[in-house]
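*Asks:* Supplied in structure tokens, the structure appears directly below.
The values are calculated or read from the model by the stated rules, or taken from the named source; none is laboratory data. Note that the structure is a prediction, hence the values are computed from the model and not measured. Cβ sites come from the backbone with ideal geometry, for glycine too, and all protein chains shown count toward neighbours.
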Amino acid sequence: MEIKYLQTFLVACETMNFTKTAAKLQYAQSSVTAQIKSLEQDLGTPLFERLGKKLVLTQAGKHLKKYAHQIVHLTDEARTTIDAGGKKGTIIVGAQESQCTYRLPELLKSFKTKYPLVNLIFKPAHSDESATKSLLKGELDLAFIMDTSKSNPYLETIPLLQERLMLVASPSNSLVSKPTVLPDDLQEETVLLTERGCSYRNIFEQKMYEHEVSPKNTLEFVSLEAIKKCVVANLGVAMLPEMTVSKEIKEGVLVKLNWNVQMYLLTTQMALHKDKWMTPQLQDFVQLTTTHFSA
């Protein structure tokens, strides 16, 4: 199988339209069709089928997609190690928004100073589950996971630090005056949540479930900054990692509530597939990360 054909196949999997695939790759549509047919002949099975006007992957196509990601990425890695001094290449990292915003900027600055030609691509990883799936599929080189500490037989995980969860509110919120905030106190309160699948939302909801409390009013956001601004405006309360709210608490625009429930500690881990082939750049990134978080 030609690597070029697999690359075309992966783009077709994204667009599910050969005309759009041709435009994206700047090929003639006949060239895209010919490449897909060549793959189908090599494998002896159709990869796409048309259901009316809709193009869908066959079961064989779904299987090939998983391996094509790995083959194309490994080929890129092989080329990377043979380039001029091993100073080029791409590293694909999965991370939560909070990590990218509050924990990684200085680390990335150090790495880019050493490897200015290496492309760093960040993809969202809202939970350990989504990050694990992407690592197992070969879609990520490594991931930063912030969740309760868990193990996986296929992953190598390096614990970096632990983080507390805090229930925060505006100074003008009525809960601030309470010596202790109980789960029942949130029954009538508006609770601002991160999107579904987020590890610390899962922890918070599990604790509420254990106390048989279900807040009547909730608002869901994809942005931590949006949540914080809404809490500052006293639109509700939120359970967030300490690193994301420490600045606002110091400034007095947010207040940590005296939440009486023992919350699990979040563990930030760096995770890689145990069978991952480590390029020199990736090895350096791992070493820099370990050093950075232990400083």
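*Asks:* Could you grab the pairs with beta carbons closer than 6 Å, sequence gap of 6+ or different chains, first residue in the range 215-230 and more than 18 Å from Ser172 (Cα to Cα) and in the same structural domain as Arg201 (by TED's automatic domain parsing), second one of a type in the set (A, V, I, L, M, F, W, C) and buried (at least 16 other Cβ atoms within 10 Å of the Cβ)?
*Replies:* Matching pairs, first to second residue: Pro215/Leu186; Pro215/Val191; Thr218/Val191; Thr218/Leu193; Leu219/Leu192; Glu220/Leu193; Phe221/Ile227.
*Asks:* Is one or more of the residues making up the range 250-272 assigned by TED's automatic domain parsing to the domain that holds Lys178 and small (Gly, Ala, Ser)?
*Replies:* yes
*Asks:* Let me ask another. With Leu43, Leu47, Leu10, Leu39 as the choices, which residue is assigned by TED's automatic domain parsing to the domain that holds Ala60, in contact (Cβ under 8 Å) with a residue 60 or more places away in the chain and closer than 22 Å to Glu139 by Cβ?
*Replies:* Leu10
*Asks:* Hand me the list of strands (runs of 3 or more DSSP E) wholly inside the range 73-174 holding 3 or more residues that are surrounded by 14 or more Cβ atoms within 10 Å (Cβ to Cβ) and modelled with pLDDT of 90 or more.
*Replies:* Those strands (runs of 3 or more DSSP E) span 89-95, 142-147, 155-163, 165-169.
*Asks:* State yes or no: is Thr21 in contact with an Asp or Glu (Cβ under 9 Å, 6 or more places away or on another chain) and surrounded by 14 or more Cβ atoms within 10 Å (Cβ to Cβ)?
*Replies:* For Thr21, the condition - in contact with an Asp or Glu (Cβ under 9 Å, 6 or more places away or on another chain) and surrounded by 14 or more Cβ atoms within 10 Å (Cβ to Cβ) - is met.
*Asks:* Which pairs do you get when a residue that is modelled with pLDDT of 95 or more, found in the range 238-262, comes within reach of a residue that is of a type in the set (Gly, Ala, Ser), reach meaning Cβ atoms under 6 angstrom, with the pair 6+ apart or on two chains?
*Replies:* Close Cβ pairs satisfying both conditions: Val255/Ala169; Leu257/Ala169.
*Asks:* Here's a follow-up. Can you tell which of Thr148, Thr157 is among the polar types (S, T, N, Q), farther than 20 Å from Met263 by Cα and in the same structural domain as Glu97 (by TED's automatic domain parsing)?
*Replies:* Just one listed residue meets the conditions, Thr157.
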